[in-house]
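The values are calculated or read from the model by the stated rules, or taken from the named source; none is laboratory data. Predicted model only: the values in this text are computed from it and were never measured. Virtual Cβ from ideal backbone geometry, glycine too; neighbours counted across all protein chains shown.
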Amino acid sequence: MNILIIGSGAREHALCLAASQSERVQLVFVAPGNGGTALMGGNVHNVCLNATALDDLLAFAVENVIDLTIVGSEQPLELGIVDLFRRAGKKIVGPTMDAARLESSKVFAKEFMHRHHIPTAGYHVFRDASAANAYVESTQTVFPQVIKASGLCAGKGVFIALDKEQAVNANNALFEERIFGDAANEVVIEDFLQGQEASIFALTDGIRYKLFLPAQDHKRIGNGDTGKNTGGMGAYAPAPLVTDEIRHKVEEKIIKPTLAGMAADGYPYTGFLYVGLMIDDQGEPFVVEYNARLGDPETQVVLPLMKSDFVAALQASVDGKLAEAPFEMHQKSATTVVIASGGYPDHYESGKAITIAGELFTMEDCLLFHAGTSYVDGRLTTAGGRVFSVTALGKTLKESIDKAYKAVEKVSFDRAYYRTDIGAKALNFQSMVVL
Ligand code: AMP
Ligand code: GLY
């Protein structure tokens, strides 16, 4: 079969690798892909079409006899790519535009969770600065408060306000300065949840589901989870924090009610369901956010740990046969470290020449996923905020972390930046559990 993957990040590079390794796949196309997918060769080909050019993508899928399309990034889902492909009789993995509102509208997601008694932080919705400011200035409001643009903001539309002044500044930035434009026409202000974060992904056909290994992302730019939120600076899996008992609670209290609730409300949810969790000190999970796709950088650890055929599982999900599909994982750990352009998530420069030491390609169980890279005059150059995601597998989490950092040293460009503590929290957690 022939596969089309939509998106251009390290997540899509990892999707291309998994798809190209499937025995049932002949050709893999990625639109638009990146410098790394361009280099893969073999049966993988970049297609010069933007991820939001829906009509062109459909025409490409028809002309090239694509059997299955996998949507990596959120924008095409919000624009209704799944509805469009299905109307044309083309198989595609992802939720419809209505169902993707679990990610594309935080107001929709919060109201949905409230309606279906799915555990999440208490919240209020605002449509102008004066009402939002009156709320944060009320003596009843307990800080911190979390202030979120309702629409898509590439993971950056969230402010954690420690006091009234910070909250008013955030409200004004969203409503008056309109730093995220129409994505902040509605704003959710929610209570601050204490605990540890983890991400769980399900593949679902709307009724049945299968879970990938739980992962933990590192969203802040700086070591020790300091500084601004980013799209994600590194991840590891499986996250020891998510014990069997917690996973069971997540399934019973979150995943099953989410799928049942979406179906009951008339928006059956298909594709990948990403549940961003906060787990409190009693081991109770709360939903921080839903996403309508796989996470980036979590995919770069979750997919290399999958033992059974990824494409076979996807095919089973679109054919309503998910229950029978093998869904086995390797008994290993994986860590990925994101290398970003200096300055990210604020202003950064692109077009820097990249050097990769050849040894990296001989390092066992190491994978170099490209994100913001492109070829300019035959030279690999930086072309985005997050530039690479360097993954390593190991028998233990510690081994995978050490290997990933060794591999990171083999990549260089001017003002390259990465966190040096990816996975450290989990090692501390493991040692606490052992004690
Ligand atoms: P989101 O885009 O909604 O996942 O938020 C980005 C990040 O902000 C999350 O990964 C958390 O670290 C943090 N965050 C969001 N909502 C909350 C909350 N209610 N309580 C504590 N932290 C939060
Ligand atoms: N890792 C966060 C995200 O994909 O949204």
What number of residues within the range 189-209 are more than 14 Å from the chain's Cα centre (by Cα), within 12 Å of ligand 1 (Cβ to nearest atom) and either in a loop (DSSP other than H, G, I, E, B) or not aliphatic (A, V, I, L, M) (or both)? 7
Among the residues that make up the range 228-247, is at least one of them at pLDDT below 95 and charged (D, E, K, R)? yes
Checked the range 1-48 for anything within 16 Å of ligand 2 (Cβ to nearest atom) and on the phi > 0 side of the Ramachandran plot; matches are Gly7
The condition from (1) closer than 20 Å to Phe108 by Cα; (2) at pLDDT 95 or above that Phe159 misses is numbered (2)
Inter-residue pairs, beta-carbon under 8 Å, first over 14 Å from Glu103 (Cβ atoms) and of a type in the set (S, T, N, Q) and in the range 143-160, second within 11 Å of ligand 2 (Cβ to nearest atom) and in a strand (DSSP E or B), 6+ apart: none
Given the criteria part of a helix (DSSP H, G or I) and among the small types (Gly, Ala, Ser), does Ala61 qualify? yes
When every residue in the range 145-171 that is among the small types (Gly, Ala, Ser) and in a loop (DSSP other than H, G, I, E, B) is compared, the one surrounded by the most Cβ atoms within 10 Å (Cβ to Cβ) is Ser150
Name the single residue, out of those in the range 252-297 being away from ligand 2 (no atom under 16 Å from the Cβ) and hydroxyl-bearing (Ser, Thr, Tyr), that is surrounded by the fewest Cβ atoms within 10 Å (Cβ to Cβ). Tyr267
Of the residues in the range 58-85, how many are surrounded by 16 or more Cβ atoms within 10 Å (Cβ to Cβ) and within 24 Å of Ser22 (Cα to Cα)? 13
For the range 343-364, check the following and say yes or no: at least one residue is out of contact with any Gly (no Cβ under 9 Å at 6 or more places or on another chain) and within 30 Å of Gly206 (Cβ to Cβ). no
Within the range 408-423, count every residue that is among the hydrophobic types (A, V, I, L, M, F, W, C) and surrounded by 23 or more Cβ atoms within 10 Å (Cβ to Cβ). 2
Right, Ala323: modelled with pLDDT of 95 or more and not β-branched (Val, Ile, Thr) or not? no
Which members of the range 22-42 meet the condition of being touching a Phe, Trp or Tyr at 6+ places or on another chain (Cβ under 8 Å) and either among the small types (Gly, Ala, Ser) or more than 24 Å from Val62 (Cβ to Cβ) (or both)? Ser22, Ala31, Gly35, Gly36, Ala38
Condition met for Tyr269 (closer than 21 Å to Thr96 by Cα and within 13 Å of ligand 1 (Cβ to nearest atom)): no
For the range 366-395, which positions are in contact (Cβ under 8 Å) with a residue 12 or more places away in the chain and either in a loop (DSSP other than H, G, I, E, B) or surrounded by fewer than 17 Cβ atoms within 10 Å (Cβ to Cβ) (or both)? Ala371, Gly372, Tyr375, Val376, Arg379, Ala383, Gly384, Gly385, Lys395
Would you point out the residue of the range 210-251, among those that are free of Cβ contacts under 8 Å to residues at least 40 places away in the same chain, away from ligand 2 (no atom under 13 Å from the Cβ) and assigned to a strand (DSSP E or B), that is nearest to Asp421 (Cα to Cα)? Thr226
The number of residues in the range 126-140 that are within 31 Å of the chain's Cα centre (by Cα) and either within 15 Å of ligand 1 (Cβ to nearest atom) or in a loop (DSSP other than H, G, I, E, B) (or both) is 3
Would you please name the residue that is surrounded by the fewest Cβ atoms within 10 Å (Cβ to Cβ), looking only at residues in the range 1-56 that are β-branched (Val, Ile, Thr) and within 21 Å of Gly378 (Cα to Cα)? Val47
Can you tell me how many residues in the range 172-186 are more than 24 Å from the chain's Cα centre (by Cα) and part of a loop (DSSP other than H, G, I, E, B)? 3
Expected single match for in contact with a strand residue (DSSP E or B) (Cβ under 8 Å, 6 or more places away or on another chain), in contact (Cβ under 8 Å) with a residue 40 or more places away in the chain and away from ligand 2 (no atom under 16 Å from the Cβ) among Glu176, Glu190 is Glu190
Residue selected from the range 356-365 under the condition of a type outside the set (Phe, Trp, Tyr) and not in a loop (DSSP other than H, G, I, E, B), by the criterion surrounded by the most Cβ atoms within 10 Å (Cβ to Cβ): Leu360
Give the residues of the range 402-417 that are among the aliphatic types (A, V, I, L, M) and over 20 Å from the mean Cα position of the chain (by Cα), sorted by residue number. Ala407, Val408, Val411, Ala416
Within the range 136-145, can one find any residue that is within 30 Å of Lys91 (Cα to Cα), away from ligand 2 (no atom under 16 Å from the Cβ) and of a type in the set (S, T, N, Q)? no
